[in-house]
1. Filter the range 195-208 down to the residues that are within 6 Å of ligand 1 (Cβ to nearest atom) and in contact with a strand residue (DSSP E or B) (Cβ under 9 Å, 6 or more places away or on another chain) and list them by number.
2. Does residue 33 qualify as being closer than 16 Å to residue 343 by Cα, modelled with pLDDT of 90 or more and more than 16 Å from ligand 2 (Cβ to nearest atom)?
3. Tell me which residues, restricted to the range 194-226, are touching a residue at least 60 places away in the same chain (Cβ under 8 Å), away from ligand 2 (no atom under 15 Å from the Cβ) and within 15 Å of the chain's Cα centre (by Cα).
4. If I go through the range 300-318 residue by residue, how many of them are farther than 25 Å from residue 343 by Cβ and within 15 Å of ligand 1 (Cβ to nearest atom)?
5. Could you list all residues from the range 114-144 that are outside any strand (DSSP E or B), farther than 30 Å from residue 21 by Cβ and modelled with pLDDT of 90 or more?
6. For the range 253-260, state whether one or more residues are at pLDDT 95 or above, under 22 Å from the mean Cα position of the chain (by Cα) and surrounded by 15 or more Cβ atoms within 10 Å (Cβ to Cβ).
7. What pairs can you find where one residue is in the range 324-339 and in the same structural domain as residue 177 (by TED's automatic domain parsing), the other is away from ligand 2 (no atom under 16 Å from the Cβ) and not in a helix (DSSP H, G or I), and their Cβ atoms are less than 7 Å apart, with a gap of 6+ or different chains?
8. Counting just the residues of the range 277-299 that are buried (at least 22 other Cβ atoms within 10 Å of the Cβ) and away from ligand 2 (no atom under 16 Å from the Cβ), which one comes out farthest from residue 336 (Cα to Cα)?
Ligand SMILES: Nc1ncnc2c1ncn2[C@@H]1O[C@H](COP(=O)(O)OP(=O)(O)OP(=O)(O)O)[C@@H](O)[C@H]1O
Ligand SMILES: [Mg+2]
């Protein structure tokens with residue numbers, strides 16, 4: 001049974017991550033979004049994105065989680081990993097709105113490094129806050145994404161095998177924006193620290209203007225601890241969970257230092273992106289929002305804030321969701337890892 005019984009219409013979001021699969025089921029009741037159910041599977045094991053090549057296996061994992069926690073939805077939304085989707089903001093000058101699709105295709109050929117025949121293109125016009133009334137066509141900003149057809153096919157195969165109706169597919173970034181920002185139009189950076197990659201985007205008016213992924217992440221930190229201390233990955237992972245970047249000077253002084261060294265490339269990437277964005281947009285990134293399992297690393301938010309001199313918070317993807325009060329502590333704990341699945345489930349509600 002779900003946490004709430006007798007759900008009317010339910011909405012399921014499924015995030016197939018590198019280390020785990022997450023599911024969130026929401027329902028709409030009296031105009032409120034309520035939590036119906038959520039669940040994880042850590043069964044993805046060592047299998048990385050290549051597991052998508054084994055649709056029967058992933059389908060089995062999905063249906064096991066569904067069954068274990070009693071999810072009722074027969075339809076779901078799923079996300080595409082940010083690093084596998086090309087996205088860019090393009091400027092079109094003096095184009096007639098009627099021919100816009102033609103111009104977008106022309107520009108896409110220039111900016112997308114793969115043959116367009118192999119991609120599914122999606123784009124939308126970014127509304128301008130202060131358009132020039134005398135020349136509305138002067139500069140049209142377009143947000144363009146290109147997803148490999150082959151990758152989309154893999155997800156279709158998985159959902160066919162699982163006998164779940166795939167209602168929508170979107171880049172993770174959009175799910176994160178929906179769950180962590182809602183209608184907040186401010187300029188922020190979202191840093192999603194996963195098991196195998198860290199995905200960073202700068203979002204302005206809900207559009208992810210700048211997106212980059214690096215392969216430094218939770219696993220990198222565990223590996224660094226394991227190597228430096230000559231201990232197993234399991235022990236290293238436990239030390240990472242227990243100590244994170246806790247105050248130096250305590251007994252286990254090694255671990256925080258190793259963690260700080262391991263996250264240095266993430267800090268460099270953040271600095272690079274902030275400089276790039278602020279340099280070309282003449283505006284500040286107001287804050288950094290952390291999500292993904294790595295967001296829970298002890299003292300990481302503080303450490304980043306002090307090092308970068310920008311406000312850093314752990315995102316709260318539940319802020320528009322109602323749930324029983326007694327679940328608050330546990331939901332706060334799992335929230336960062338569920339941000340994408342929550343955003344996906346919200347997609348069909350909005
Ligand atoms: N409390 C915690 N402290 C430190 N690290 C944590 C904590 N909880 C989870 N992690 C780390 O977060 C990572 C998993 O995060 P997440 O579930 O967001 O990854 P994923 O979505 O499976 O991977 P990816 O996004 O790269 O595909 C693991 O490396 C795990 O060790
Ligand atoms: Mg993830």
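The values are calculated or read from the model by the stated rules, or taken from the named source; none is laboratory data. Because the structure is a prediction, the values reported are computed rather than measured. Reconstructed Cβ throughout: ideal geometry from the backbone, glycine too, with neighbour counts over all protein chains shown.
1. Once the filter is applied, which keeps residues that are within 6 Å of ligand 1 (Cβ to nearest atom) and in contact with a strand residue (DSSP E or B) (Cβ under 9 Å, 6 or more places away or on another chain), the range 195-208 yields only 197.
2. Criteria met by residue 33.
3. Scanning the range 194-226 gives 202, 207, 208, 209, 210, 212.
4. 2
5. Answer for the range 114-144, where residues must be outside any strand (DSSP E or B), farther than 30 Å from residue 21 by Cβ and modelled with pLDDT of 90 or more: 115, 116, 117.
6. no
7. Cβ pairs passing all conditions: 324/3; 331/318; 331/323; 335/316; 335/318.
8. Ranking the candidates gives 285 first.
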